[in-house]
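Participant: Sharing a structure here in structure tokens format.
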Ligand code: URP
Ligand code: ZN
Ligand code: ZN
């Protein structure tokens, strides 16, 4: 299959220029002017005049089919990756979970089975580690050798995911020695647990107490501790879903010292805020996620962090639960509301609007934050994350001047509400190619469940 993308405005993290892209099979084989003259017989030509051609988005933080909070996230690998494709994301890195008593490979096999035959875009895995006695430490290197080169550890959710400091230190040391990366859910989960129990004992059960029992200091303290332990372990650390200025200042301070501390934020922390929890009735439950939405004043600080590279990546932490029957599990107790929200479909357009249209970041930085940086940090570059000869032909043809309004009833994700309902954004995904194959065109899904491949990632 030979495809020519004609006359688009190619944008990578470093360049912006008009050119054609010739794709043969799954990779880009030539970039230049007037390639039609030398391309030979073509199977397909896509006219990208007046449109941007950007690398397929990489969302390095999703939870498809995750058992959590007494239920499971409502998107599986089929519906979630199809929604990702519609939104211009052609690679996800999802989180496999090791439960107590399981080996890391047993856990990985469960997630391979969840994705196999279902994923419509390429996918990798991080491994959530919950049980790491010393004899299991070599398994970290075993996973890195299989292309699962990053691990998530939790400082929150005692009794479920939380691991102690010794485990964190040992995991960081072992992973760091083998070129792996620890991703940290950084919060003081022990203090939060006390605050939650106190609130419930005082009859404070509404969704807003989820936020009020998880103060920004609890996140900042966790970030500080995670970075300090990483420094002692001589390893890099990647802070996931950073939500607030207090926590950002900790990352900034570490990076100013030259420490290899990385962090991502997510659209929900850039566009939504604490006031959503004050909505009538049980509506606030739709926004119960961890960390919680913060006071609006944090948003501009996060954009500053993105502009100044103290935050390197924008992921979604896509972990949707339906309002009916799932979020409702916590109608009388906010601590029983499953934590998480939808996001995988609208990340690219939201960030284009909030970043480029609102003149906070350049279009190159938009590409870097939504694709290139994740590819580099998580061992996928240059196969993914750029448009270059011999890279995978994961390309998004993007209309920078077209508007859309995000609907209340999501078209593609399997959830009964949209967190961004009614929001107008400029910047619309037009056509999406995954490894050379058109998977979205004219608003129609042309891909296939099962066409997504597992990505063996390299080391950091
Ligand atoms: O609320 C969230 N973030 N749910 C997903 C699990 C996690 O901590 O990332
Ligand atoms: Zn987390
Ligand atoms: Zn998450």
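Participant: Could you grab the pairs with beta carbons closer than 8 Å, sequence gap of 6+ or different chains, first residue in segment 149-161 and closer than 16 Å to residue 102 by Cα and within 11 Å of ligand 1 (Cβ to nearest atom), second one in a loop (DSSP other than H, G, I, E, B) and at pLDDT below 95?
Facilitator: none
Participant: Then there's this: Is there a residue being more than 16 Å from ligand 1 (Cβ to nearest atom) and either modelled with pLDDT under 95 or under 21 Å from residue 435 (Cβ atoms) (or both) anywhere in segment 62-75?
Facilitator: The answer is no, given that none of the residues of segment 62-75 is more than 16 Å from ligand 1 (Cβ to nearest atom) and either modelled with pLDDT under 95 or under 21 Å from residue 435 (Cβ atoms) (or both).
Participant: Looking at segment 273-315, which of the residues that are under 24 Å from residue 206 (Cα atoms) and within 16 Å of ligand 3 (Cβ to nearest atom) is surrounded by the fewest Cβ atoms within 10 Å (Cβ to Cβ)?
Facilitator: It comes out as 290.
Participant: In segment 411-448, what count of residues is obtained for those that are at pLDDT 95 or above, on the phi > 0 side of the Ramachandran plot and in contact with a helix residue (DSSP H, G or I) (Cβ under 9 Å, 6 or more places away or on another chain)?
Facilitator: 1
Participant: Those residues that are more than 16 Å from ligand 3 (Cβ to nearest atom), part of a loop (DSSP other than H, G, I, E, B) and either within 22 Å of residue 231 (Cβ to Cβ) or within 24 Å of the chain's Cα centre (by Cα) (or both), I need them from segment 137-185; list them, please.
Facilitator: Residues satisfying the conditions are 146, 147, 148, 149, 158, 164, 178, 179, 180.
Participant: Now for a different question. Please go through segment 215-236 and pick out each residue that is within 16 Å of ligand 3 (Cβ to nearest atom) and closer than 18 Å to residue 166 by Cβ.
Facilitator: 222, 226
Participant: Any idea which residue in segment 100-136 is surrounded by the most Cβ atoms within 10 Å (Cβ to Cβ), counting only those that are in a loop (DSSP other than H, G, I, E, B) and touching a helix residue (DSSP H, G or I) at 6+ places or on another chain (Cβ under 7 Å)?
Facilitator: Only one residue tops the list, namely 121.
Participant: Does residue 347 count as more than 16 Å from ligand 2 (Cβ to nearest atom) and touching a helix residue (DSSP H, G or I) at 6+ places or on another chain (Cβ under 7 Å)?
Facilitator: Answer is yes for this residue.
Participant: When you check residue 172 against the structure, is it away from ligand 1 (no atom under 16 Å from the Cβ), in contact with a strand residue (DSSP E or B) (Cβ under 8 Å, 6 or more places away or on another chain) and touching a residue at least 60 places away in the same chain (Cβ under 8 Å), yes or no?
Facilitator: yes
Participant: Examine segment 189-206 for a residue that is closer than 23 Å to residue 236 by Cα and buried (at least 21 other Cβ atoms within 10 Å of the Cβ), and state whether such a residue exists.
Facilitator: Yes, some residue in segment 189-206 is closer than 23 Å to residue 236 by Cα and buried (at least 21 other Cβ atoms within 10 Å of the Cβ).
Participant: Further question: Using the structure shown, decide if residue 306 is within 16 Å of ligand 1 (Cβ to nearest atom), in a helix (DSSP H, G or I) and either within 17 Å of the chain's Cα centre (by Cα) or under 28 Å from residue 324 (Cβ atoms) (or both).
Facilitator: Judged against the criteria, residue 306 is not a match.
Participant: Assuming residue 204 fulfils every condition listed in (1) in a helix (DSSP H, G or I); (2) over 25 Å from residue 103 (Cβ atoms); (3) touching a helix residue (DSSP H, G or I) at 6+ places or on another chain (Cβ under 9 Å) apart from one, which condition is it?
Facilitator: Status for residue 204: all satisfied but (1).
Participant: Check whether at least one residue in segment 220-243 is in contact with a helix residue (DSSP H, G or I) (Cβ under 7 Å, 6 or more places away or on another chain), assigned to a loop (DSSP other than H, G, I, E, B) and over 27 Å from residue 306 (Cα atoms), and report yes or no.
Facilitator: No.
The values are calculated or read from the model by the stated rules, or taken from the named source; none is laboratory data. Predicted model, so just to flag it, every value in this text is computed and none were measured. Counting neighbours? That spans all protein chains shown, and the Cβs are built from the backbone with ideal geometry, glycine included.
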